Amino acid sequence: MPQTRAVRFHQFGPPSDVARFEAIELGDPGPGEVVVRMERAPIHPADLNRLEGRYGENPDLPAVGGIEGFGRIEALGDGVGDLAPGMAVALARVTGTWSERVRVPADRLVPLPPNLDPDLAATLVINPSTAWRMLHDFVSLAPNDWVLLNAANSAVGRAVIRIARCQGWRPLAIVRRPELIPELLDLGASEVLLDDDGLRAALPAVTQGAPVHLALNAVGGASALRLANGLAPGGTLVTYGAMGRRPLELPNGLVIFKDLRIRGFWLSRWFRQSTSDQRDSMFQELIQMATNGILRADVATSFPLSEPSAALTAAAKDRRSGKVVFRMTPGSTGII
Ligand SMILES: NC(=O)c1ccc[n+]([C@@H]2O[C@H](COP(=O)([O-])OP(=O)(O)OC[C@H]3O[C@@H](n4cnc5c(N)ncnc54)[C@H](OP(=O)(O)O)[C@@H]3O)[C@@H](O)[C@H]2O)c1
């Protein structure tokens with residue numbers, strides 16, 4: 001039985017303690033399956049939550065980490081004739097991408113142009129899809145509408161800025177660190193404000209009284225309340241992350257008198273409920289934006305798979321710009 005090497009955890013706990021680089025069974029591709037030789041796989045906040053046992057759905061143990069990545073097809077099972085060895089692919093709707101090789105159903109592959117930057121290819125599915133869906137599925141935005149978002153320096157936030165700008169909307173980015181302001185303006189944010197008590201007074205001056213219909217919240221607590229206060233009556237607050245680890249606390253009056261829509265987004269749920277046509281059409285849009293240079297890779301640093309503890313420590317570090325990414329060993333066969 002072919003094996004490969006992967007970053008796996010046998011118990012939940014602090015990610016850098018529980019992750020181990022070890023041999024795992026790979027198996028041969030069965031009907032409808034392919035083996036992908038992985039090149040890059042990012043570490044997301046959701047990955048850290050999975051290792052901690054604090055995610056929406058905890059995996060059976062032992063489990064290999066990683067929920068997206070990029071690689072090239074290496075071996076094909078029966079019935080996948082439209083694919084070919086060497087094709088560049090991203091992996092969507094999978095777990096276990098922190099591995100030198102993965103064996104997956106062929107319908108989990110997103111075929112990519114051959115020369116896409118590997119870091120961008122490895123980070124094209126989860127955060128850009130989340131940004132795309134939140135910008136399109138909750139509110140019908142008109143040209144020049146403002147979109148308010150906190151944690152704007154996150155990978156999702158950066159994708160929201162880039163996609164919103166490209167679609168003719170105005171991203172109003174909220175950050176907790178002033179040093180990020182020039183960088184996010186450069187990236188395409190129409191305005192960048194600090195996530196503090198001055199936000200409420202600063203917002204109307206920026207929007208010049210234009211109603212804000214959509215706010216995207218990845219922090220919670222006081223930051224979410226600041227977004228809610230910035231919304232127009234009937235506006236929609238979409239919560240998709242909880243980086244501040246504080247609950248949503250919204251005054252009754254905001255809901256009664258402003259009739260705000262309080263919504264949630266979870267990409268896993270969207271993936272489950274969507275059709276393959278809906279997924280394909282979104283991936284085509286994202287690939288087009290990646291090819292045109294609208295979406296970019298923001299990678300802070302990378303580590304080999306053999307250094308999971310260092311990689312996970314770096315990924316859990318505060319005030320980082322860009323993703324920590326596993327790069328699979330160049331030149332290694334990966335099969336042992
Ligand atoms: N619901 C879904 O389907 C879905 C999909 C994708 C992502 N997410 C969630 O979206 C969030 C962002 O993910 P990502 O991959 O884009 O993250 P990321 O690139 O790793 O960035 C993390 C962001 O969180 C900010 N942050 C960290 N701790 C914070 C705190 N205590 N208070 C305020 N901000 C804090 C950081 O701010 P600095 O830049 O100032 O350090 C940074 O901007 C996460 O909660 C993730 O789980 C949800």
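The values are calculated or read from the model by the stated rules, or taken from the named source; none is laboratory data. All values derive from a computational prediction rather than experimental measurement. Neighbour counts are summed over all protein chains in view; Cβ atoms, including those assigned to glycine, are modelled from backbone coordinates with ideal geometry. To get the accessible areas, we keep the full protein, side chains included, count just its heavy atoms, and leave off ligands, DNA and RNA. Shrake-Rupley method; radii C 1.70, N 1.55, O 1.52, S 1.80 Å.
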Where in segment 192-212 does the label zone of ARG177 land, with the point 7 angstrom along Cα→C-beta and an amide N cut-off under 15 Å?
194-195
Can you work out the accessible area per residue across the chain, with the rest of the protein chains kept in place, probe 1.4 Å, in square angstrom?
44
For the chain, longest principal axis from Cα atoms; helix 221-230 axis from its Cα atoms; angle between them, nearest 10 degrees, is 50
Once R0 is set to 22 Å, what does the formula 1/(1 + (r/R0)^6) return for the Cβ-Cβ distance between LEU248 and ASN292, expressed as a FRET efficiency to the nearest 0.05?
0.05
Mean residue ellipticity (222 nm) of the chain, computed from DSSP H runs ≥ 4 via -39,500 (n - 2.57), nearest 500:
-9000 deg cm²/dmol
Give the ranking of MET243, MET328, MET87, MET1 by solvent-accessible surface, highest area first, calculated with a 1.4 Å probe.
MET1, MET243, MET87, MET328
I want to check the label-to-label distance for LEU185 and ASP17. Put each point 7 Å from Cα in the C-beta direction and report it in nm to one decimal.
4.5
Taking Cα atoms only, helix 126-137 is inclined relative to the longest principal axis of the chain by an angle, in degrees rounded to 10, of 40
FRET efficiency for ASP117 and ARG54 from the Cβ-Cβ distance with R0 = 30 Å, rounded to 0.05, comes out at 0.40
Relative contact order, percent, the chain [alpha-carbon distance under 8 Å, six or more residues apart]
19
Taking a ≥ b ≥ c as the square roots of the Cα gyration tensor eigenvalues, with a/c under 1.5 meaning rounded and otherwise prolate when a/b beats b/c, else oblate, which class fits segment 131-268?
rounded
Residue-wise HN-Hα coupling along segment 157-172, computed from phi with Karplus coefficients 6.51, -1.76, 1.60 (Hz; x: Gly, Pro):
x, 5, 5, 4, 4, 5, 5, 4, 4, 5, 8, x, 9, 10, x, 9
Under the Karplus relation with 6.51, -1.76 and 1.60 and θ = phi - 60°, whole-Hz ³J(HN,Hα) for segment 75-90, x at Gly and Pro, equal 9, 10, x, 6, x, 10, x, 7, 9, 9, x, x, 5, 7, 9, 9
In degrees, nearest ten, helix 276-291 long axis to first principal axis of the chain (Cα):
80
In whole µm²/s, the translational diffusion coefficient that Stokes-Einstein assigns to segment 188-336, given a Kirkwood hydrodynamic radius over C-alpha pairs, 4 °C and 1.567 mPa s, equals 68
In whole percent, how big is the carbon plus sulfur part of the accessible area of the chain, probe 1.4 Å, protein atoms only?
49
